[in-house]
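Engineer: Here's a structure for you.
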């Protein structure tokens, strides 16, 4: 997998997505992320339509349940032709193993390529203070928590994790150089952080070791989304 710039389609409906993507029709190898709002509103049939149009799809549903339930859900996701999908790392190694098994089964049954499985570590909206308050544990730093979850994910057969770019190097050192770190929390220099706490610019992300970035509002809310996308992509490639 090349190091992609993935556009987060933070829209509520297929109509809004189709309207937004009109300016990207001539753009080769476009990566897009479908999250919970859009998937719950439009369903798996919408993913199938996007797949048929040739987009690279990251389906980000952050599954978190008992292993059997996650396995059954991942069978369905494995049939959709997406390239990346997610579980929540706090679900544990057995759940991650079940997710991987479900993806393999679903993809094989439908003749699709097996999606890469990514585990969510700590959300980029989380600070160390919030993590300590939430987990009621002040003995572990944020980086230690993220690298621990990355190691657990690797042991469970995940292909990588979702993390802040600030933790990418530590994750690679704790796992392997080919273990993926896909990083949201990306902002252009003059953009607002909004609800993100651990943010970096595209050129910082690649220098910090990111294997791919997820960019939402800096592109989707730009006056000229195509120009913003090219700016992000140029910065990401320039930093490598």
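Engineer: Taking 7 Å along the Cα-to-C-beta vector as the label spot, tell me the residue 76-residue 223 distance in nanometres, rounded to one decimal.
Structural biologist: If labels sit at residue 76 and residue 223, their model points lie 4.3 nm apart.
Engineer: Quick one: order 64, 40 by neighbouring beta-carbon count within 10 Å, fewest to most.
Structural biologist: If I rank by nearby Cβ atoms, fewest first, I get 40, 64.
Engineer: If you average the sequence gap of Cα pairs under 8 Å that are 6 or more apart and divide by the length of the chain, what percent do you get for the contact order?
Structural biologist: The normalised contact order for the chain reaches 18 percent.
Engineer: Could you tell me, in Å, what Rg and Dmax come out for the Cα atoms of segment 4-62?
Structural biologist: 10.5, 31
Engineer: Then there's this: Please report 187, 217, 49 as a ranked list, fewest other C-beta atoms within 10 angstrom at the top and most at the bottom.
Structural biologist: Placing the least packed residue first, the sequence is 49, 217, 187.
Engineer: Using label points projected 7 Å from each Cα along Cα→Cβ, tell me how many nm separate residue 138 and residue 69, to one decimal.
Structural biologist: Placing both labels 7 Å along Cα→Cβ, they lie 3.4 nm apart.
Engineer: By counting other Cβ atoms within 10 Å of each Cβ, how are 164, 110, 201 ranked from fewest to most?
Structural biologist: With the sparsest Cβ surroundings first, the list reads 110, 201, 164.
Engineer: Give me the one-decimal nm value for the distance between modelled label points at residue 22 and residue 207, 7 Å along each residue's Cα-to-Cβ direction.
Structural biologist: In this crude label model, residue 22 to residue 207 measures out at 3.9 nm.
Read-outs: derived from the displayed coordinates by stated rules, not from any lab. Nothing here was measured: the structure is a model prediction, and the numbers come from that model. For neighbour counting, all protein chains shown are included, and Cβ atoms are generated from backbone atoms with ideal geometry for every residue, glycine included.
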